[in-house]
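Below is one structure; the comments refer to it alone.
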Amino acid sequence: MTMASHPGTPEDPLRVAVVGSGPAGFYCAGHLLTAKDLTVEVDLFDRLPTPFGLVRAGVAPDHPKIKSVTRVYEKTAARPGFRFFGNVEVGGDIAHAELKSHYHAVIYAVGAETDRSLGIDGEDLPGSWAATQFVAWYNAHPDYRDLEFDLSCKRAVVIGNGNVAMDVARMLLLPREELELTDTADHAIDPMADSGIEEVVIVGRRGPAQAAFTNPELRELGELADADVFVDPAEMDLDEHSAHSIEGEGEITPRRNVEILTEYSRRMPSGKRRRVVLRFLRTPVAIHGNGRVEAIELVRNELRHGGDGSLRAHATDAHETLEAGLVFRSIGYRGVPIEGVPFDEWKGAIPNDEGRILDPHEQHAIAGEYVVGWIKRGPSGVIGTNKRDAQETVDHVLEDLAEGRLPEPEHADPGAIEALIAERKPDYVSFADWQAIDAAEVAAGEPLGRPRVKFTRVQEMLEAARRR
Ligand code: FAD
Ligand code: NAP
């Protein structure tokens, strides 16, 4: 492998491939394209024809303001040196080694596309879903277009106490009038609006003081138009360690969570049609049913100090069974390996040292290979977290450039990769193509008072791009 001379000049730009166009990928592209005294060319790849990752396919449809962060990404896309190659899967359409041979550096920003499982009996019964699947379905991710959710049961149980669990519970309870004003996938609106669900139970394995959800999301549950919120006052009786744990200066979020939950536990039902119930200190041990989900068995936990000082859930002998027709496990996302790129199976992420990908055998950084976002840190953090994270990764790319540690690509000409993509994936999507898709979606939404009507199939997206 030859090392680069000193790319970064107008005659010899630094060429970087960023794989994945979610927040992490876009923030990397932004930091690179605004690097001082450096000429950089960034090609941003996505396996979907649409950019923005979970901002499009994860953020809840009833949170439209959050999605306006895409304006920042659009500014990045308008900078000289930026190209988008959508509908191109790295590790599928283009191999990792091929990509490497065209760039000084490759940065993986592929997120965490699959789910973690509970590992309990009955988890594979029809009616037992990963939150990842439900979220991607109602957000029109084309891979999930043909899933069918039977929402006719009366009770749904959501396992997990993170913000995704909050999103899932809230979306299950939104009334038609609200759903119809969002960019929820058309195929999901009728099943969700006409669902038989009367009660959503959110189950946390630890207590109210350990919940991972944040205050605004918890408050929203108490403001639902169609559902009363219910917390058992007995479950707000904090053990000594939990009570102590929320006293510190830095513990504002859990302390407020406990305050909000305490207020919920004192509320009288106002007679709304549905209810959302928060349960704590319960872990699912089995899902029961004859041919489909009929009930979930929970074990009661108590909290004990783990070796690292955290409070951990320990099962007691007390079991209870809750009738339910649907179970959504919302216990975290998980990365998917890419052929030729190291992967830590235990963590579900790419092994790295502050963004430099590590050779798993030698434990040293692999020249010219980087990682950012959820596939770097694991599936945690809000959109803004990825901006700081991208800065760290880009700083290391630039440091390696300055130290002459970046490999010289075999094919430095930007036309070479474009030609390869055009050959492999003639219907790849440029940023201008995406803008045509975007405009068509927005135009379809306008007369309905919706932000957009999303295309749900890749073919429809490509046709809209072609009409440009
Ligand atoms: P992603 O956003 O997942 O982007 C990864 C991209 O890589 C995708 O576009 C994917 O198509 C692409 N890709 C994957 N594999 C390949 C491949 N082989 N080749 C090419 N491309 C590939 N944060 C907030 O601040 N506010 C919220 O309201 C909020 N809501 C959320 C709701 C949900 C359901 C979830 C799961 C998360 C939410 N977050 C929210 C967190 C936020 O979405 C994440 O922090 C952020 O999206 C992570 O960014 P990322 O770029 O690492 O991954
Ligand atoms: P998360 O915040 O990590 O929450 C995961 C939850 O699952 C935790 O309550 C965890 O409990 C629980 N859990 C894990 N393994 C479990 C098991 N085996 N059995 C039972 N429970 C288990 O993850 P997330 O909800 O997927 O969210 C991911 C990130 O996206 C977070 O940073 C979140 O803030 C962000 N996000 C933000 C928004 C927003 O800003 N509105 C919306 C959605 C997502 P323990 O704590 O006991 O481990």
Inset, instruction - At most 13 other Cβ atoms within 10 Å and a DSSP loop assignment: could you name the trypsin sites (Lys or Arg not before Pro) in segment 29-99 that fit? - result: LYS36
Inset, instruction - State the percentage of accessible surface on the chain attributable to carbon and sulfur atoms; use a 1.4 Å probe and exclude ligands, DNA and RNA. - result: 49
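I'd like the FRET efficiency for ALA193 and GLU11, computed as 1/(1 + (r/R0)^6) with the beta carbon distance as r and R0 of 45 Å, rounded to 0.05.
Details: r = 59 Å, r/R0 = 1.31.
FRET efficiency, ALA193 to GLU11: 0.15.
Over segment 117-331, average the accessible area per residue using a 1.4 Å probe and give it in Å², no decimals. Kindly include the intermediate steps, with their values, before the conclusion.
Values: 9620 Å² over 215 residues.
Accessible area per residue: 45 Å².
Where does segment 117-331 land on Rg(C-alpha)/(2.2 N^0.38 Å)? Please report the intermediate quantities before stating the final value.
On the way: Rg = 17.2 Å, N = 215, 2.2 N^0.38 = 16.9 Å.
With N residues counted in segment 117-331, Rg over 2.2 N^0.38 Å equals 1.01.
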Legend entry - Simple label model, 7 Å out from Cα along Cβ direction - THR214 to GLU399, nm: 2.8
Legend entry - For segment 270-416, average projected area of the Cα convex hull in nm²: 17.0
Legend entry - Spin-label model distance (nm) - VAL442 vs HIS63, 7 Å beyond Cα toward Cβ: 2.3
Inset, instruction - Search the structure for amide H atoms under 5 Å from the amide H of ALA349, placed 1.01 Å from N in the peptide plane, and list their residues when 5 or more places away or on another chain. - result: ASP344
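How high is the FRET efficiency from GLU392 to ARG467, r the C-beta distance, R0 51 Å, rounded to 0.05? Kindly include the intermediate steps, with their values, before the conclusion.
Numbers: r = 41 Å, r/R0 = 0.80.
Approximately 0.80, to the nearest 0.05.
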Legend entry - Accessible surface, per residue, of segment 359-451 when the full set of protein chains is kept, probe 1.4 Å, Å²: 48
Legend entry - Accessible surface, 1.4 Å probe, highest first, among residues HIS411, HIS319: HIS319, HIS411
Legend entry - With Cα atoms, 0 to 90° folded angle of helix 385-402 axis to the chain main axis: 20
Inset, instruction - Compute the distance in nm between two label points, each set 7 Å from the Cα along the Cα-to-Cβ direction, one at GLN363 and one at ALA416. - result: 3.6
Legend entry - Computed over the chain, the ratio Rg/Rh where both radii use C-alpha atoms and Rh is Kirkwood: 1.00
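Of LYS67/LYS100; LYS75/LYS347; LYS67/LYS454; LYS100/LYS425; LYS36/LYS387, which sit over 22 Å apart, Cα to Cα? Write down the numbers at each step before the final one.
Working: LYS67/LYS100 32 Å; LYS75/LYS347 34 Å; LYS67/LYS454 14 Å; LYS100/LYS425 18 Å; LYS36/LYS387 18 Å.
Pairs exceeding 22 Å: LYS67/LYS100; LYS75/LYS347.
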Inset, instruction - May I ask you to list the aspartates and glutamates whose Cα is less than 19 Å away from that of LYS272, ignoring any residue fewer than eight positions away on the same chain? - result: GLU177, GLU178, ASP194, GLU198, GLU199, GLU220, GLU223, ASP226, ASP228, ASP232, GLU263
Legend entry - Rounded to 10°, Cα long-axis angle of helix 431-445 versus longest principal axis of the chain: 30
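Work out which GluC sites (Glu not before Pro) in the chain are exposed loop sites (DSSP not H, G, I, E or B, at most 10 other Cβ within 10 Å) and give the longest gap free of them.
Details: sites that count: GLU11, GLU148, GLU223, GLU247, GLU249, GLU345, GLU362, GLU403.
In the chain, the maximal stretch lacking such sites is 12-147.
The values are calculated or read from the model by the stated rules, or taken from the named source; none is laboratory data. Predicted, not measured: the structure shown is a model, and the values here were computed from it. All Cβ positions, glycine included, derive from the backbone under ideal geometry; neighbour counts span all protein chains shown. Areas reflect the complete protein model, heavy atoms only, side chains present, ligands, DNA and RNA absent. Shrake-Rupley method; radii C 1.70, N 1.55, O 1.52, S 1.80 Å.
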